[in-house]
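Only the coordinates and a few stated rules stand behind these numbers; no lab work does. Computed from a prediction, not measured in an experiment: that's the story for all the values here. In this analysis, Cβ positions are derived from the backbone assuming ideal geometry, glycine residues included, and neighbour counts consider all displayed protein chains.
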Amino acid sequence: MARTPSYFTKLLRRPSPKIIQNPNQQFRDIRNTGCGNDSQDKSQHSSEIVKEICGTIRSKPRWENTLLSDFSGVNFSDSTFLNQVLLHQNNVFLSIRLLYWLRSTFEYSPAQSTCSLIFNALVQDNAAKAAKSFLQFTQFVPEPAALESYVRCLCESRMIEDALQVFDEMKKTGVCPSLETWNCLLLSLIKEGYTDLVWELYRDMIESGVVTDLDTLSYLIQAFCLDKNITEGYQLLRQVLNDGYVPHKSAFDKLLFEFILDQKHDRVPALLHIMIAKGIKPDLYTYQQIIHGLCLTRMQREGLFIFNDLKNRGYAPDKIMYTTMIHGLCKMKWIKDARKLWFEMIQKGIEPNQYTYNTLLYGYFRIGDITKAQNLYKEMKTDYKETLIAYNTMINGLCSHGMTTEAFQLFKQMDSQNVCKDVITYNSLIRGFCKEGKLTESLTLLRELVDRGLQPSCSSYGPIIGKLYELGLIDEVKILWNEMQDKNVEPVSVCIDENIIIGLSKKGCIETGVYWLAYMVKNRLVPKQRTFEKLVAILSQRDKLDVGLSVFGHMFKIGYTPSSRLKDMIGANSFDSGLIV
DNA sequence: ATAGGGTTAG
């Protein structure tokens, strides 16, 4: 089958697309990597043959079949000669291919210096995957310095697990890595959001006696932000400033974003002033993050104000800025303003891309303008239309307005176009079918979702459980509840109605309440007082008071005082005997 | 002139 656009989009979704590019264009001549100088050619005669062989390998796609007969006089067991061929190949991937061929044909094993050159070339070209398989294949052990570059290369290719593994092995051999490598790992961990590993690595750093620098501290500030620990993040920033240094702009940006998310709006201008005073100019990215944060916390009006203010001050919003703002407006159903920005953007010569289209598409569905949504969808380029997210937006939008038939049509189309579905695709349809009372269809989809190896979420079960409960099919509900627990699906409140939890518990389905309360405790959530009280009462009647009490202890800590009603329900003795503390 | 950032459910 021909490579349809969706084939490419699937490839693009993979983390490391670098290697997919044409190796002939991307990779450099390994002689130019500046490592090793043992490639001096002494024999004029063999030098010619080396060139010829390299030329053949470069030009003949299937040279493996004919190389021996084409060069029948050549002694392919002479390792000095073969090293020269490898080193003179002007493309590191071709060198590797030759190496593999030599190995399988002659059991040739390359000299350390050759391995080193090839390996370094791969690392320099950021071909992390190739470098990894090269190491596996040759069992070659690089020098510490080369290993460090390799670790950084792995980081840049987002192969952080591999990077950490190599790094650990390095340390075990007694090598102390350079600060640059430590920092590189820290940054990668932050990009992946693995903050616990950031702190672990940082402890390691300190224990190893590494002296940290400004980069390290900037990363730590960001790690604090990711942990939602803004207070400490900000403190560290102040400390660095007091010591006379200025952290990275990204540290400021992240702090600003977290201040917004945390509704600490008064801190924002103050921090912006500090930035400017320290010579760091807030840029479009900074403001985009601020606007994005405002939109996430339902403060689109303020976001729009800043957006317009920026324009007045001469900033030219870019495509992402427009998309962020349009999305915020669509979310609050301000479609007029959203459309105004959309056309303004186009007029400025900025073409909408798949993000922008999706955003407006979502907006039309949000206000229930199906016709406009469908027209916009028709207008989209095939590359934009046939993506997972565009399909999800359409399917969900249609389902929200009772058009499950049309949605299911698109759902089937995804298969024929080789677009992978995800849990959102399924959940949207499940919800749509349930709303129309089509339980069979929903359950079929749930089965399909699980069979495909996708992890179901609470939204996969919630609508079905709700419908089953409505119909009084308690046994069926129980089966699904058990399945949810088996699959570690969290019973998120927005997906599962609290009344159902109570209803089920009352009907003898105690596990429901237990499971739900355990979830609330684990996530430090506060159930509605009445729901909580009813549940505790039910649990106490059925010898499950321990769970109820554990939640109670948690609520007690946050300052909730038990009502007399609750005391009556579960009996004053429990309080007197000091169970709750 | 660097990069990064934006889209889909509940």
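Applying the Karplus relation 6.51 cos²θ - 1.76 cosθ + 1.60 with θ = phi - 60° to region A:93-101 yields 3J(HN,Hα) values of 5, 5, 4, 5, 4, 4, 4, 4, 5 Hz, where x marks Gly and Pro. Charged side chains reduced to their Cβ positions (Lys and Arg at +1, Asp and Glu at -1) give chain A a dipole of some 1980 debye around its Cα centre.
Taking 2.2 N^0.38 Å as the expected size of a compact globular protein, what ratio does the Cα radius of gyration of chain A give against it, to two decimals?
Values: Rg = 30.7 Å, N = 581, 2.2 N^0.38 = 24.7 Å.
Here the answer is 1.24, to two decimals.
For the residue pairs A:LYS331/A:LYS381; A:LYS254/A:LYS487; A:LYS421/A:LYS534; A:LYS172/A:LYS281; A:LYS278/A:LYS319, alpha carbon separations beyond 31 Å are given by A:LYS254/A:LYS487; A:LYS421/A:LYS534; A:LYS172/A:LYS281. The C-alpha atoms of chain A define a longest principal axis, and helix A:144-156 lies at about 40 degrees to it. For chain A, the residue among A:GLY453, A:GLY209, A:SER428 whose Cα projects farthest onto the positive side of the dipole built from Cβ charges is A:SER428.
Obtain the radius of gyration and the Kirkwood radius of region A:244-301 from its C-alpha atoms and give Rg over Rh. Present the calculation step by step, with values, prior to reporting the outcome.
Numbers: Rg = 11.1 Å, Rh = 11.5 Å.
That ratio equals 0.97.
Assuming a viscosity of 1.306 mPa s and a temperature of 10 °C, what translational diffusion coefficient in µm² per second does Stokes-Einstein assign to region A:306-377, Rh being the Kirkwood radius over Cα pairs? Numbers along the way, then the final one.
Details: Rh = 12.2 Å.
The Stokes-Einstein estimate is 130 µm²/s.
Within straight-line reach of A:LYS435, meaning a Cα separation under 17 Å, sit the following aspartates and glutamates at least 8 residues removed in sequence or on another chain: A:GLU406, A:GLU470, A:ASP497. Here's the list of aspartates and glutamates a cross-link from A:LYS51 could span, going by alpha-carbon distance under 14 Å and ignoring same-chain residues fewer than 8 apart: A:ASP29, A:ASP41, A:ASP70. The phi torsions of region A:494-501, fed into the Karplus equation with coefficients 6.51, -1.76 and 1.60 and a -60° offset, translate into couplings of 5, 9, 10, 5, 5, 5, 5, 4 Hz, rounded to whole numbers, with Gly and Pro shown as x.
What's the FRET efficiency of A:ILE276 with A:SER77 using the Cβ-Cβ distance as r and R₀ = 60 Å, to the nearest 0.05? Result of the calculation: an efficiency of 0.30. Straight Cα distances below 30 angstrom link A:LYS171 to the lysines A:LYS18, A:LYS129, A:LYS132, A:LYS191, with same-chain residues fewer than 8 positions distant left out. The angle between the Cα long axis of helix A:195-207 and the main principal axis of chain A comes to about 60°, on a 0 to 90 degree scale. Helical runs assigned H by DSSP (4 residues or longer) give chain A a calculated mean residue ellipticity at 222 nm of -21500 deg cm²/dmol, each run adding -39500 (n - 2.57) before division by the residue total.
The calculated P(r) of region A:384-466, using every Cα pair and 10 Å bins from 0, goes 20, 57, 22, 1 in percent.
Projecting label points 7 angstrom from Cα along Cα→Cβ for A:GLU207 and A:ASP70 puts them 5.5 nm apart. With 0.36 nm allotted per residue and the present C-alpha distance subtracted, the A:ARG301-A:GLU156 stretch has 48.4 nm of extension available. Taking only Cα atoms, what is the 0 to 90° angle, nearest 10, from helix A:545-557's long axis to the longest principal axis of chain A? The angle comes out at about 80 degrees. Counting beta carbons within 10 Å around each of A:ASP543, A:ASP162 and listing the fewest first gives the order A:ASP543, A:ASP162.
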